[in-house]
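Beneath this line is the structure, given in structure tokens, with notes to follow.
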Amino acid sequence: MDQCRRTLEQHNWNIEAAVQDRLNEQEGVPSVFNPPPTRPLQVNTTDHRVYSYIVSRPQPRGLLGWSYYLIMLPFRFTYYTLLDIFRFTLRFIRPDPRGRVTDPVGDVMSFIHSFEEKYGRSHPVFYQGTYSQALNDAKRELRYLLVYLHGDDHQDTDEFCRTTLCSEEVLTFINTRMLFWACSTSKPEGYRVSQALRENTYPFLAMIMLKDRKMTVVGRLEGLIQPEDLINQLTFIMEANQTYLMSERLEREERNQTQVLRQQQDEAYLASLRADQEKDRKKREEQEQKRQEEEKTRQSILAEERRRRTLEEEKERKSECLPPEPPLDDPDSVKIVFKLPNDTRVERRFLFSQSLTVNTFICFLFFFSRLCSAGLSRSEVLFVQDLTDD
């Protein structure tokens with residue numbers, strides 16, 4: 001509720017403006033109440049194919065009408081001449097404040113409020129944003145943009161707003177067919193647009209659309225135009241330029257399809273790349289595992305070689321500790337026979353004069369030395385080596 005209240009306060013409790021601004025934010029369009037400092041979109045106003053429709057003021061009728069016209073003509077000429085001279089002189093004394101746009105959104109909102117105070121709320125939906133933002137939205141959505149420049153001091157402005165712009169048929173036609181942006185030329189934002197569009201008289205309407213990839217003025221309506229005539233002229237402009245808009249839509253759709261296809265191709269390429277990377281990773285893991293197994297086997301072979309060398313060295317060392325064996329016919333000798341686990345027999349003669357401890361030790365030395373050369377398994381040799389150590 002607090003966020004809704006702040007949003008409504010930003011828009012001076014104008015629900016229509018608040019909703020449109022929130023929709024713009026959701027669509028990725030910057031908020032019109034906090035616009036970024038971007039370069040304004042340029043509009044092509046030099047197209048020689050632009051449709052121009054100017055409504056002249058009705059000529060006086062009858063003797064009384066012509067008499068009034070001729071009487072007022074010198075006064076009107078003098079008034080506008082003096083007014084132009086005054087404005088021209090004032091321009092040297094004080095620069096026109098409208099030449100500096102500081103708050104374009106505030107200018108638009110101020111015009112909308114003053115318009116509603118004077119003519120009521122029954123009017124076409126005004127675009128709640130700057131002229132540049134209206135151009136960007138029309139370009140992005142491929143819609144027509146109708147621009148209305150409001151001349152406060154012009155004699156036909158009041159009648160146009162009351163009888164034409166606020167009529168029900170014009171209101172419905174504009175709201176369902178196009179975007180509508182308006183501002184007063186007395187405001188800096190409206191004056192800037194006026195300098196770009198170069199209107200000749202008021203009321204002034206300009207139809208803008210995306211044509212040849214540029215926002216282009218395709219129609220100009222000037223003067224006091226009636227509701228039915230306004231609808232007919234706008235319809236004629238739209239029908240005359242519908243092919244350009246359809247071409248832009250088809251081209252944009254083709255670009256979108258191309259972009260989608262390219263995106264799908266990129267996704268397929270990335271999926272294939274990830275599959276190849278996964279395959280390479282598994283291959284590297286298998287190679288690493290194979291390398292580790294080979295290294296483990298090599299280490300086992302080296303350990304076995306070291307064990308055999310150790311046994312050979314132990315055999316030689318223990319063999320050197322054995323005393324010489326007495327002759328076979330020595331009466332003071334005894335023969336000891338061992339049956340090994342591999343069914344081989346080992347026998348050795350010892351002297352009776354040797355003590356039992358020495359004989360036992362020599363017997364085990366001899367037995368162990370013969371075991372080392374008997375080709376026993378590692379477990380059998382380790383078992384006997386444990387006995388020998390004991």
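The values are calculated or read from the model by the stated rules, or taken from the named source; none is laboratory data. All of these numbers come straight from a predicted model, not from anything done at the bench. Quick reminder, even Gly has a Cβ in these numbers, built from the backbone with ideal geometry, and neighbours come from all protein chains shown. Only protein heavy atoms, including side chains, enter the accessible area calculation; ligands, DNA and RNA are left aside. Shrake-Rupley method; radii C 1.70, N 1.55, O 1.52, S 1.80 Å.
What is the one condition in (1) charged (D, E, K, R); (2) surrounded by 13 or more Cβ atoms within 10 Å (Cβ to Cβ); (3) under 28 Å from Tyr79 (Cβ atoms) that Arg198 does not satisfy?
Among (1) charged (D, E, K, R); (2) surrounded by 13 or more Cβ atoms within 10 Å (Cβ to Cβ); (3) under 28 Å from Tyr79 (Cβ atoms), Arg198 violates only (2).
Taking the range 238-261, which residues are over 28 Å from the mean Cα position of the chain (by Cα) and of a type outside the set (A, V, I, L, M, F, W, C)?
Listed by number, the residues that qualify are Glu239, Asn241, Gln242, Thr243, Tyr244.
Of everything in the range 136-148, what is buried (at least 22 other Cβ atoms within 10 Å of the Cβ) and of a type in the set (A, V, I, L, M, F, W, C)? Give them in sequence order.
Of everything in the range 136-148, those that are buried (at least 22 other Cβ atoms within 10 Å of the Cβ) and of a type in the set (A, V, I, L, M, F, W, C) turn out to be Ala138, Leu145, Leu146, Val147.
Just to check your reading of the model, which residue among Glu253, Glu248 is open to solvent by 60 Å² or more (accessible area, probe 1.4 Å) and not polar (S, T, N, Q)?
Sole residue among the options that is open to solvent by 60 Å² or more (accessible area, probe 1.4 Å) and not polar (S, T, N, Q): Glu253.
Filter the range 151-177 down to the residues that are open to solvent by 10 Å² or more (accessible area, probe 1.4 Å) and not in a loop (DSSP other than H, G, I, E, B) and list them by number.
Of everything in the range 151-177, those that are open to solvent by 10 Å² or more (accessible area, probe 1.4 Å) and not in a loop (DSSP other than H, G, I, E, B) turn out to be Asp158, Glu159, Arg162, Thr163, Glu168, Glu169, Leu171, Thr172, Phe173, Asn175, Thr176, Arg177.
Taking the condition of being open to solvent by 10 Å² or more (accessible area, probe 1.4 Å) and in a helix (DSSP H, G or I), how many residues in the range 201-245 meet it?
Final tally of qualifying residues: 14.
Outside the structural domain of Met207 (by the TED database), surrounded by 10 or more Cβ atoms within 10 Å (Cβ to Cβ), more than 30 Å from Asn175 (Cα to Cα) and touching a strand residue (DSSP E or B) at 6+ places or on another chain (Cβ under 9 Å): is that true of Val346 in this structure?
Yes; evaluated as a whole, the condition is true for this residue.
Under 33 Å from the mean Cα position of the chain (by Cα), small (Gly, Ala, Ser) and in a helix (DSSP H, G or I): is that true of Ser110 in this structure?
Taking the combined requirement at face value, the residue does not satisfy it.
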